[in-house]
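Below: one structure, written as structure tokens.
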Amino acid sequence: MVSRREFLQAVPLGALSLAAGAAPLALAAAPAPAAEKPIPVEKVVALVGDDIPTRSIYLPHRLEEAIAGDTEVGDIYLHEGSVGKLEKRFAELLGKEDAAFMPTGTMANQIAVRILCGDRRHLLLQKESHVYRDEEDATPVLSGINPVPIEGGTGEALVASVEAAYQQRSEDPYPLEIGAISLESPVRRLDGSTVALDSILRIADIAKKNGTGMHLDGARLLLMSGMEGFDPKRYAAPFDTVYVSLYKYLGAPFGAILAGDKARIDRARHVRHIFGGTLFRGFPAAVLALQRLEGFSERFARVRTAGDALLTKLAGMPGIRIERVERASNIAIAVLEPKIAEGLRERARHADILVGKPDDGRLHLAFNETLLRKPVDAIARVFAS
């Protein structure tokens, strides 16, 4: 498992930049170090991260291209314009009555659990989840809700953990009042592993019997596109609220969507304002997300096919062993012998391919849309010793 900090450090900005500017005058007399070959962002195959790498300097051009003369994109305080179009598009995609734009995923998650828990001040969630591990103490501080982390990750044991929590509740003289269950899928801290729909349905049945709300932290939900039987509407159906990120792989500079029934999303917009999240303009994120969302599921299904072909190719090469993540979204692990790991990043860079840094021979491979820029055989060749 790679941490957020390790992941960010694995993607050096210089690897994706164009030619650098002039050196400071104070350093002009010093011999310049040998520069690494820059990888143009439009050519790079990045075997790290979920999104297509880009440079911030290109943002104005990307916005101009996405707007394409449309004079109706502007919103006012996240109302109408491209924000309204994006909300409607996600409501349809997820099979919900309504959806609201949120400036961050943390806000989307926190508003959802606040609304679902109400006066019942305990929240069941995976111990590896973003809400528990990466949102500091937002749940108790902002809403007075106590997170109750449970075991099970994304597997069958998750259902047993939920059952055990309710069993304990029935046995204690002062039981925990569980207001909601929050499930993350795919789970970043478990290398993109996903919760099977069958497990979700069984957990939802327990929740329904106990009058408990269900929230899906589906920040990376659409990275499940192409998985056998996956349909976002069907997957989201058991949940009262669903959050999807706009910047992890949909090309927006910020933003999130929270979907659910109309009453809850109306309430979510009100709480968003209380939390200070009603931005004056959200259209820069909305237009870019709308552009990338068009055809994304079909494109990512092709990414999945290419990724499977690459893993099969690598598994047949001497000195490489592939570890598949259970119910994987877009990550696998290549275990490399030293002769393969040595010089791999340099070989890859010369082929306009970006890879992370192996840790004791273990290399995380993340697949995104850049995988479609080169034939699988060409990508596999850089792994040859």
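Yes/no matrix, rows are residues, columns are (1) in a loop (DSSP other than H, G, I, E, B); (2) of a type outside the set (A, V, I, L, M, F, W, C); (3) closer than 30 Å to Glu184 by Cα:
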{"residue": "Val303", "(1), (2), (3)": "no, no, yes"}
{"residue": "Ala309", "(1), (2), (3)": "no, no, yes"}
{"residue": "Thr312", "(1), (2), (3)": "no, yes, yes"}
{"residue": "Pro318", "(1), (2), (3)": "yes, yes, no"}
{"residue": "Glu323", "(1), (2), (3)": "no, yes, yes"}
{"residue": "Ile340", "(1), (2), (3)": "no, no, no"}
{"residue": "Arg349", "(1), (2), (3)": "no, yes, no"}
{"residue": "Gly356", "(1), (2), (3)": "yes, yes, yes"}
{"residue": "Thr370", "(1), (2), (3)": "no, yes, yes"}
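Can you find even one residue in the stretch 245-255 that is of a type in the set (A, V, I, L, M) and buried (at least 24 other Cβ atoms within 10 Å of the Cβ)?
yes
Kindly indicate whether any position in the stretch 109-122 is more than 20 Å from Thr212 (Cβ to Cβ) and surrounded by 15 or more Cβ atoms within 10 Å (Cβ to Cβ). So that I can check it myself, show each step before the final result.
Quick first cut of the stretch 109-122, residues more than 20 Å from Thr212 (Cβ to Cβ) only: none.
No - not one qualifying residue is present in the stretch 109-122.
Working only within the stretch 165-208, note down all residues that are in contact with a helix residue (DSSP H, G or I) (Cβ under 9 Å, 6 or more places away or on another chain) and basic (Lys, Arg).
Listed by number, the residues that qualify are Arg188, Arg189, Arg202.
Polar (S, T, N, Q) and either in contact (Cβ under 8 Å) with a residue 40 or more places away in the chain or in a loop (DSSP other than H, G, I, E, B) (or both) - does that describe any residue in the stretch 184-192?
yes
Specify the residue that is nearest to Ala328 (Cα to Cα); the eligible residues are those in the stretch 151-176 that are free of Cβ contacts under 8 Å to residues at least 60 places away in the same chain and touching a strand residue (DSSP E or B) at 6+ places or on another chain (Cβ under 6 Å).
By that ranking, first place goes to Ser161.
Residue pairs, Cβ under 7 Å, 6 or more apart or interchain, first in the stretch 279-304 and buried (at least 24 other Cβ atoms within 10 Å of the Cβ) and modelled with pLDDT of 95 or more, second aromatic (Phe, Trp, Tyr) and not in a helix (DSSP H, G or I). List them.
Final answer for the pair search is Gly282/Phe101; Ala285/Phe254; Ala286/Phe101.
One line per residue, one yes/no per condition, for (1) under 25 Å from Glu42 (Cβ atoms); (2) in contact with a Leu (Cβ under 7 Å, 6 or more places away or on another chain):
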{"position": "Ala309", "(1), (2)": "yes, no"}
{"position": "Met317", "(1), (2)": "no, no"}
{"position": "Arg324", "(1), (2)": "no, no"}
{"position": "His350", "(1), (2)": "yes, no"}
{"position": "Asp360", "(1), (2)": "no, no"}
{"position": "Ala378", "(1), (2)": "yes, no"}
{"position": "Phe383", "(1), (2)": "yes, yes"}
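Kindly provide the set of residues from the stretch 86-108 that are surrounded by fewer than 19 Cβ atoms within 10 Å (Cβ to Cβ) and of a type in the set (Gly, Ala, Ser), ordered by number.
Correct list: Gly95 only.
Say whether the condition of being touching a residue at least 60 places away in the same chain (Cβ under 8 Å) and of a type in the set (Asp, Glu) is met by at least one residue in the stretch 230-246.
Yes, the stretch 230-246 contains at least one residue that is touching a residue at least 60 places away in the same chain (Cβ under 8 Å) and of a type in the set (Asp, Glu).
Identify the single condition in (1) β-branched (Val, Ile, Thr); (2) surrounded by fewer than 19 Cβ atoms within 10 Å (Cβ to Cβ); (3) assigned by TED's automatic domain parsing to the domain that holds Val242 that Val83 does not satisfy, given that it satisfies every other one.
Tallying (1) β-branched (Val, Ile, Thr); (2) surrounded by fewer than 19 Cβ atoms within 10 Å (Cβ to Cβ); (3) assigned by TED's automatic domain parsing to the domain that holds Val242, Val83 fails exactly one: (2).
Considering only residues of the stretch 188-209 that are in contact with a strand residue (DSSP E or B) (Cβ under 7 Å, 6 or more places away or on another chain) and within 21 Å of Ile145 (Cβ to Cβ), which is surrounded by the fewest Cβ atoms within 10 Å (Cβ to Cβ)?
Ala204
Name the residue, out of Glu337, Glu326, that is within 28 Å of Leu250 (Cβ to Cβ) and surrounded by fewer than 20 Cβ atoms within 10 Å (Cβ to Cβ).
None of the other options fit; the residue is Glu326.
Filter the stretch 352-385 for residues that are small (Gly, Ala, Ser) and within 19 Å of the chain's Cα centre (by Cα) and give the result. Break it down into steps so the answer makes sense when it comes.
At the first step, the residues of the stretch 352-385 found to be small (Gly, Ala, Ser) are 356, 361, 366, 378, 380, 384-385.
If the condition is that a residue be small (Gly, Ala, Ser) and within 19 Å of the chain's Cα centre (by Cα), then Gly356, Ala366 are the ones that fit.
What about Leu78, is it buried (at least 16 other Cβ atoms within 10 Å of the Cβ) and touching a helix residue (DSSP H, G or I) at 6+ places or on another chain (Cβ under 9 Å)?
For Leu78, the condition - buried (at least 16 other Cβ atoms within 10 Å of the Cβ) and touching a helix residue (DSSP H, G or I) at 6+ places or on another chain (Cβ under 9 Å) - is met.
Return a yes/no flag: does the stretch 136-150 have any residue that is in contact with an Asp or Glu (Cβ under 7 Å, 6 or more places away or on another chain), outside any helix (DSSP H, G or I), modelled with pLDDT of 95 or more and buried (at least 18 other Cβ atoms within 10 Å of the Cβ).
no
Let me spell it out: the conditions are (1) at pLDDT 95 or above; (2) of a type outside the set (A, V, I, L, M, F, W, C); (3) surrounded by fewer than 22 Cβ atoms within 10 Å (Cβ to Cβ), and Thr370 meets all of them except one. Which number is the exception?
Status for Thr370: all satisfied but (3).
The values are calculated or read from the model by the stated rules, or taken from the named source; none is laboratory data. Computed from a predicted model, the values in this text were never measured in an experiment. Quick reminder, even Gly has a Cβ in these numbers, built from the backbone with ideal geometry, and neighbours come from all protein chains shown.
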